[in-house]
Structure formats: structure tokens, C-alpha cells
There are 2 protein chains.
Amino acid sequence: MTRGPDRLPVERRLHGDVSTVDAEAAAVAIDPDATVLTSGFGSVGYPKAIPLALASSSRDLSLTLVASGNVGDEIDVDLVGSGAIERRFSYQSSRVARDLTNRREVSFSDRNASSIGDEVQHGGLVDPDVAIVEAVAIGEGWFIPSTSLGQVPAFVEAADRLYVELNRRQPLELQALHDVYRPDAPPNRDPVPISDPGERIGTAHVSFEPEKLAGVVETDTADSTYTFRDPTDDDLAIAENLGAFLDAEMERSPVFEDAVHLQFGVGSLGNALMGELKELDFGGRDVVYFGELIQDGLLDMLDDGRLECASATSMALTDEGQQRLFENVERYAEDVVLRPADVSNHPGVIDQFGVVGVNSAIEFDIYGNVNSTHVGGKQMINGVGGSADFNRNSLVTVCALPSTLKGGEVSRVVPMAFHVDHTEHDVDVFVTEQGVADVRGLSPVERAERIIENCAHPEFAPELRSYLDDVCEQDNHIPHDVQRAAEWHK
Amino acid sequence: MTRGPDRLPVERRLHGDVSTVDAEAAAVAIDPDATVLTSGFGSVGYPKAIPLALASSSRDLSLTLVASGNVGDEIDVDLVGSGAIERRFSYQSSRVARDLTNRREVSFSDRNASSIGDEVQHGGLVDPDVAIVEAVAIGEGWFIPSTSLGQVPAFVEAADRLYVELNRRQPLELQALHDVYRPDAPPNRDPVPISDPGERIGTAHVSFEPEKLAGVVETDTADSTYTFRDPTDDDLAIAENLGAFLDAEMERSPVFEDAVHLQFGVGSLGNALMGELKELDFGGRDVVYFGELIQDGLLDMLDDGRLECASATSMALTDEGQQRLFENVERYAEDVVLRPADVSNHPGVIDQFGVVGVNSAIEFDIYGNVNSTHVGGKQMINGVGGSADFNRNSLVTVCALPSTLKGGEVSRVVPMAFHVDHTEHDVDVFVTEQGVADVRGLSPVERAERIIENCAHPEFAPELRSYLDDVCEQDNHIPHDVQRAAEWHK
């Protein structure tokens, strides 16, 4: 197999004997009931032209679509909205996709970001046909991905055929960020050979068997970037509470003596938290980001020289953030590495670096179970993404969110979560604008007491306290009154 | 630091300048509110004399006790029953401990077997004082563990002081089984350097700083061994259904072309399943056990030359099984490796070997959420143990259990689990005596249909079906009627 250059620089976009087709021709060659795997994570780096061509196809399509993370409107609005998608994995991110999922017109299966590549390639999740990926350069048997990696290497290995969208809007310099490493197939899989979050263990390109290539489509379209609201008072209070916790934690353990490895979930709160990190005094320690997504706040920290390095699988940036990145890719690449999600979110690698993982959710219950996907246990919002990877494998796991939503009308601390994405075994610390509940080592009822006292909003704490007092008349390890807990959600 | 021999053979039990004390003297030197970490996993290899001496102490004790797995009656009946234990982690296994936990007279916190060592040493779960471990030999700065490893290396590193119970009833030859490897502290932790389930990467002994040793107590007491019921008709039907699934799965994927790596949860059903493996035709493939506990059925397979090798952290054997092992330790050691639980249950290592993990539970719900710890969501049975390690990280995850209990009066397939230990994102396949529900790639409602059809008992399937039909009138991704689901549990 012809391989691309092992590393930099690739100076042209099209190499060797690679010819291009138009998106409509590519689309029409995809079987109407194909299983299609796409690139895309954090709303960037997803294919745009072929999904649009599929969306406007006059054929009767019933595709299975697998993306490992958040993709843009061309897929989750136009294509999903066209009715062409019968089945959809994994994280979905538009109102259109959400509505179709909740009406069960699209069959949606929600998987963990770390393992969906293996599940597709080895685990029998689907029977893959075609991969469609976005790239900034391509040659015979290799391409260089664009703004995200996600599960691209696994998807390319798993699919029978490959379409590459060569997006001229994405800078060729993005190659400097990528570190492509795909573990061998089990059971002869070696440990991921990484010992430092900033280490590069792979290549800038993804390899593929040249005979798989079914077509290259040229595009020139920007990603859907993120918009974040300005930090609210609650966000800032959460950041302050989190900062106080981190301060104490750095004092507590020799693990944090020289360096702190942090991960933050994506979103407006996550962005605010990353932004507020600047305010924190790390006492001369190295600050390292080992997470899934890089947001604007981290670019600020890199610019200020306050972040040692950042490892992720994608960058969920604002327009302004993406612009800033694009103009300085090679400078940022000195300290930023993008990895496939099976490395960035790898359970064993998260464990190695003793990560402090900070993720948000929809709600948590008094016993420490966390619901991050389904409102009321029923209505899907986005998906579990990589939150379970970090909640399960971080050395210290923090769930951070405002104690209420809808202007204070609804408590996000509830008696019982009716959909559990992260169990009571996984989360160590809860943070709201009200305070910090460090529940490590506590029994369920002790956890409940601390969560109500430290994290619930004063408007709701008395009712939660009264619930807890009443159920504690039971001789149960985890006392419940399900009927009453269900009333709460109404 | 003086180190013990890197490997075999150690021919005496007491080496160098190590003196012994009696258990009462050791017990009285432990602070009344100490945090005590013990060896023990799978009901074997736990300390016996010092716990009994603590149990009969006239002092007013309020100890925190941390064991990484199942220990015997000396701890979970005598010591816990004496009222000396205020707080207890993690898996508990006697009626006495269970009752005290459910009455909340002991504060119980339930952790995953893979990570409790790190949580104790690095994660701030407790502030450890004393480790008490059982050994078959000891010298200056080293000891050789007895019948289990569990989190012994982490606990010994974490504690300020160390007591070693030298149990002369346990054969010195057990050293041949052990492979002690303890990862370095994060964030400078390297990947676990293992590439084959039978590979030895460590030593037969655990090292410790000699000045930590507070005393050696000699004992001569057998472990609490397991008793298993004979396989029931349901067990055999489950084994047959599982066998059919494994047959098809071996055909499906190249991962299983040369070898199949299996893990089975402990218990009478697990033991029956391990026993029935003999009946399965693996088509010339290597059969490898990569799990947490070895039960009698695996010894049979080893004797028949049908098992390539077995890796675990302990052996939950019957009296007869332990006898058989003890008489032939060195022969079994050719194919059996005991590892610390942070290696045997390591998320990344389970992933490397593409394990098919088979675990039981209390119940599962129609959407695929699994409750393995709390009856009705309330009453603790044992603990999560290592089930979440394997359910979360196996390539293919199977939940196997009889569809009913109490002579058919109670369905173990329920509309909604009110305690979730393993989420809908984790389990791929459900097996009961009724059949197999392979839910990979299915949406929640599709899962429910298949689980009801293939796994529920005919006595309960119509009622589950009617529940599903009614809730499916909602426009929800996961339709629920919590009140009605709660009625079901009554």
C-alpha cells in the first residue's frame, strides 16, 4: 500500500493519480439503504457536499448514518430532515434531528465517543458500507483530515468504500495538529504507546487501501461553528466554586504536585469554565488539557502561555476562535494535538494522566446519579458523547451545572433521575453556583444530605430535604418514594 | 529498599529479620477510628486473625474498612457484626453486613473493583492508615500474597503502616500464580505493558517500604470457600442460549477468528456457564479467560486442555476446587495468572483483548438498563464489584440471568430499573432461559420490543408488551410511565 508522508509538510492538496467527481455523482452511487459512516466531531470536520446531494436526491433513501460526534447542519438539518435517514448514531445536535428522534421517526442509538469506532469496526454495531470524510489533502492511500478526527481512522478501516471531500476552505496547515494513531484489531491489540499528553505517536495522515477510494469531491464550505452565550452570573459562580475545589485538591494530593490535567465538557458553561481558568493560580504547576474538545477559552490560555499543552479530538470554536486558529495553526500546533477519539477518550489513557474531568449534565439526583441526555428521562437532547468516558475514568470526576433552569423555575437537583447516564459509582464531586458537594467516600444518604445542603437552590432545598427525611424512615440503603419522585418532575 | 526475589522459588515462609506478634497485640495498636485497608477478593486471601481480634476488642471502635472485593466471615460477619465498623467499602457479602448496610448503621460506598485502589491511594476516597494483608511468605520489604490479589499493591502503597498475616494453611506454591504489577502514580503513569492475557509483567511478591511493617501475625486458617448450587434447568437453558450466541458471534467477526477471550461474573449461574463451556465447539479457536475470578468450571476446562490460559485477580472456588488447586498449584500456574485488580479489570486491557464479558444482575429493564446491586432500587445485595469494568469495556457485553425469580413469581425483566449500575450505553446482548436479545444498534423502543419478545418470561411478557404499547403513545425517545413502572415493583 502506498502511504502518505509520515509527517509534515504536505504542500499540495491533490497528489498522484487521484481524480475528482461531483457530489451528485458520488451520492447516486451510494445504495439507498447503505450504512454511511461520516467524519465530524464538535460540529466541525464533517462532510458537507455529499450529504447535501443525498438530501436533495429524488431517490427513496433509508440510510443508516453513523457519526461519532456532533456534525453540522448539512447532515443534521438537511439530510436528516429530508427523511433519508432511517437510523442514526450517535450524538445529534439539531432541533430537526432531536424532534425526529423524539418522535421515533429516526431510530437513534446513543454510544460512547471512545468506543463507537471499535463497535462499528469490530463489535457488530452495524454492517458498514461507505465512509465519507472531510480532508485537506489526499494522495494514493492517504488523506489528511480537516478540523476534527473523531473516529475517522476506525470508520475508514471499517467501510468497504471511501469518499473524501477535499475542502479547500480548511487550511492545509491543519495537518500540523493531527496525530493519527489507530490501535490494531483486538485481541492482538497493544497498549496505546503514549506517556505524555503532548506526545505524538502517529502520523498526520490517515491511511487507507487505495482500492477503497470511490471518489474525491472538492468543496469550499466553512464548518458550522459554535456560538456561546456570554457567561452568566451562575456560570461565574460555578467557575469560582470549581476554582476553590481545584485549589484544595491540588494541595491534597501528590498527583497534582507538578501538573494538573484537566478536561472540560463542551458548551457555554464549559467555555465559561475554560475562560475562567485564567483567573486561577496554579501555584507554578503545569496546566495540561487532556480532553475531547478545545474551546475558545483554551486558546486564550495558550496565548497567555498559561497552558502547557492541549490534547483533544476536535475544536468546538466560535467563528472568531476558528479564525484565530486558522491564522496561526502552526504556532498553536506546537502545543495542541488532535487525536482520534479512541485515543483522546481512551479509558486507559485518561487513567494514566490522572485527569480531573469536569462535565455538565441535564440534572443529577440527590444520590449522585447523573442524567445527561434525556429530559424527564424521556426527551433526548443531544447524546452521551464522551461524557461517560471522562466521568468513568477520570481520577477525580466533577459534575458542574447551575442548580436551576428556566429562570429558576426548575431544579436540576432532583430526588430521582429517571434516566441515568453516569451512575452513583462514577461521579465524585458536584458543583453548582450554590457550592460544592464533595461526596467521595460517602454513603448514598450522606451524599444526599451534602448535595441538598451544598448544591440545591434555596428555593428547592427544603422540599428535597423533606423528601429525604420522609424516605429515610425506610430501612433501605437507598430509600426512595418513586411516586413522589415522579411528581417532582411534573 | 531490600526487595524480595523477583520470581520463584521462595522456599521458606519467614525471611530475614522479621519477627511476629500476636493478633491481639496488632489489633490494640490500631487506632479506634483508623482507616483499615484489607486484602481479600472472591472470598479468599483476606486477613483473618486481626479482624477477629478487633471484633472481640473491648475498645469502642469506629473503623473505616476498605476491601476491594468479597471477604470472608471473619470480616463481614464477626468484625462488621461487632459494631466496630462505621464505614465500609466496597463489595460486601454477608447477611450481617447487608442488614447493617440497609439499616444504614454502616455507611457503605460502592466502588468499581478496577479503580478503588487508585481512589484510595490517589483519589481522595479515604485517608488510609493501616493495611492488613494475608501472605504465604515474607521478608524484608516484600511479601508473597496468598489466594487473591485484589488491590493489595495499591493498598500497601497507600497505607502508613502494614500488618501481614502469614497464613501457614495457604500453600507456599501460590507464589507461582502471582504476577504483581502496580502502575506508577499518575500523571506519570505508563500504559500497562501487557500484550497477551497469559503474559507475566511483574513479580511474585509485593514490595513495601520496610519501615512500614508494624507486625507479622502467624495464622493457620482456611479461607471461606464458595458453595454453588447445582445448575438448574434455567441455568442450563441460559448456557445453551449463550452458546448459540457465541457460535454466531465467532462466525461474525475476524476478531474471533483465532481466539475467543471470555469473562464470566461470579455466582452459581457464572459457575454453571463456565462448566457448560466444555460443551461448546470453539472450532479450533483458542479459548482464553480474561476476567476477575476463576471458578471451578474453568479448572475443569484447564484439566481437559480446552482452555489456553486464564487471567484473573482471585479464585472463587468450592472447597473441592480449592483442594484441587492446592494439590496442583504449579501445574495450574502454567496456564493461570493472578493479577492485581487494577490490571485484571483495567479498562484499557479489557479493550485490548476484545473480551466477551458475561455478567449477571438482579434485573434489567426493557430499554436495556441494568440493576445489579439494589432490589427495587433500594435494598443493597452485594455491590457492583467488577461488573461495570467488564460491562463498560468489553467488546461485546452480555447480561445473562433467569427471566424470573422466586419460583417464577417475580419478573427480572421490568419496565424500569430504579437503580442503574450499567446504562443503556453499555450492554449489547441480553440472555435468559427464554432466548437471546441482541440489541446492538437498536433504538430504545426497538430494544424494548426485542427484549420483551426474546427474553421475558411468557407469564410476564404480555403485561410488559401492554406497558410498552401504552407508553409508546407518547412522542418520547424513551417513553415512560413512572407511576405504572413503580406499581410493577410492588
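The values are calculated or read from the model by the stated rules, or taken from the named source; none is laboratory data. Note that this is a predicted model, so its numbers are computed, not measured. With ideal geometry, Cβ positions are generated from the backbone for all residues, glycine too; neighbour counts draw on all protein chains shown. For the accessible areas, the whole protein counts, side chains as well, though only heavy atoms, and no ligand, DNA or RNA atoms are used. Shrake-Rupley method; radii C 1.70, N 1.55, O 1.52, S 1.80 Å.
Adding -39500 (n - 2.57) for every DSSP H run of four residues or longer, then dividing by how many residues the protein assembly as shown holds, sets the calculated 222 nm ellipticity at -7500 deg cm²/dmol.
Taking other residues whose beta carbon is less than 9 angstrom from the beta carbon of B:Ile366, and scoring Lys, Arg as +1 and Asp, Glu as -1, yields -1.
Shown for B:Asp286: label points 7 Å from Cα along the beta-carbon vector, and their distances to the equivalent points in the other copies, 3.7 nm in ascending order. Inter-chain Cβ neighbour count for B:110-116, averaged per residue, equals 4 (cutoff 10 Å, partner chain atoms only). Over all pairs of different C-alpha atoms, segment B:23-219 has a mean inverse distance whose reciprocal, the Kirkwood radius, equals 16.7 Å. Taking θ as phi - 60° and the Karplus parameters 6.51, -1.76 and 1.60, the scalar couplings of segment B:149-163 work out to 10, x, 9, 4, x, 5, 5, 5, 5, 6, 7, 6, 10, 9, 10 Hz in sequence order, x denoting glycine and proline.
Counting only DSSP beta bridges whose two residues both lie in the protein assembly as shown, roughly 30 percent are antiparallel. Qualifying trypsin sites (Lys or Arg not before Pro) in segment B:161-245, where qualification requires a DSSP coil assignment and no more than 11 other C-beta atoms within 10 Å, comprise B:Arg229. Using C-alpha pairs under 8 Å with a sequence gap of at least 6, the mean separation divided by the residue count of chain B gives a relative contact order of 14 percent. Take each residue of peptide B:375-381, count the partner chain Cβ atoms within 10 Å of its Cβ, and average: the result is 5. Note on the protein assembly as shown: Cα Rg divided by 2.2 N^0.38 Å, N the number of residues, gives 0.91. Peptide A:279-292 shows a mean partner chain C-beta count of 0 within 10 Å per residue C-beta. Of the beta bridges in segment B:1-145, as assigned by DSSP with both residues counted there, near 25 percent are antiparallel. Here the spin labels are modelled as points 7 Å beyond Cα on the Cα-Cβ line, and at A:Asp196 and B:Asn188 they lie 1.2 nm apart. Using only the Cα atoms of segment B:3-91, each taken as one equal point scatterer with no solvent, compute I(q) by the Debye sum, divide by I(0), and report log10 of the ratio at q = 0.20, 0.22, 0.26 Å⁻¹. Relative scattering, expressed as log10 I(q)/I(0), comes to -0.93, -1.04, -1.27. For segment A:350-443, GluC sites (Glu not before Pro) are listed when DSSP marks them as loop and at most 11 other Cβ atoms sit within 10 Å of their Cβ; the list is A:Glu409.
The residues neighbouring B:Asp99, those whose beta-carbon lies less than 14 Å from its own, together hold a net charge of +3 under the Lys/Arg +1, Asp/Glu -1 convention. Over the C-alpha trace of chain A, radius of gyration and Dmax come out as 22.6, 76 angstrom. Maximal additional length on extending the A:Glu279-A:Asp247 stretch stands at 10.3 nm, based on 0.36 nm per residue less the C-alpha distance. In chain B, the beta carbon lying closest to the axis that superposes B onto A belongs to the residue given here with its whole-angstrom distance, B:Gly348, 1. Per-residue Karplus couplings for segment B:103-114, computed as 6.51 cos²θ - 1.76 cosθ + 1.60 with θ equal to phi - 60°, are listed in order as 7, 6, 8, 10, 7, 10, 10, 9, 10, 6, 4, 5 Hz, Gly and Pro entered as x. In nanometers and ordered shortest first, the copy-to-copy spacing of the A:Pro210 label point, defined 7 Å from Cα toward Cβ, is 6.6. With its label point defined 7 Å out from Cα along the Cα-to-Cβ axis, B:Asp303 lies at 7.2 nm from the matching points of the other copies, in increasing order. What's the local net charge at B:Ala53, with K and R +1, D and E -1, over the other residues with C-beta under 14 Å away? Result for the local shell: -4. Leaving ligands and nucleic acids aside, the A/B contact buries around 6800 square angstrom of accessible area in total at a 1.4 Å probe radius.
Among the listed pairs A:Lys48/A:Lys212; A:Lys490/B:Lys406; B:Lys48/B:Lys278; A:Lys278/A:Lys378; A:Lys378/B:Lys378; A:Lys490/B:Lys490, those with a Cα-Cα distance over 27 Å are A:Lys490/B:Lys406; B:Lys48/B:Lys278; A:Lys278/A:Lys378.
Using DSSP, restrict attention to beta bridges with both residues in segment B:233-487 and report what percent are antiparallel, rounded to the nearest 5. Roughly 30 percent of the DSSP beta bridges within segment B:233-487 come out antiparallel.
Taking Cα centre as origin and charging only the Cβ of basic (Lys, Arg, +1) and acidic (Asp, Glu, -1) residues, the dipole magnitude of chain B rounds to 980 debye.
Counting other Cβ atoms within 10 Å, keep those with at most 16, restrict to DSSP loop, and tell me which GluC sites (Glu not before Pro) in segment A:81-120 are left. Those satisfying the criteria are A:Glu105.
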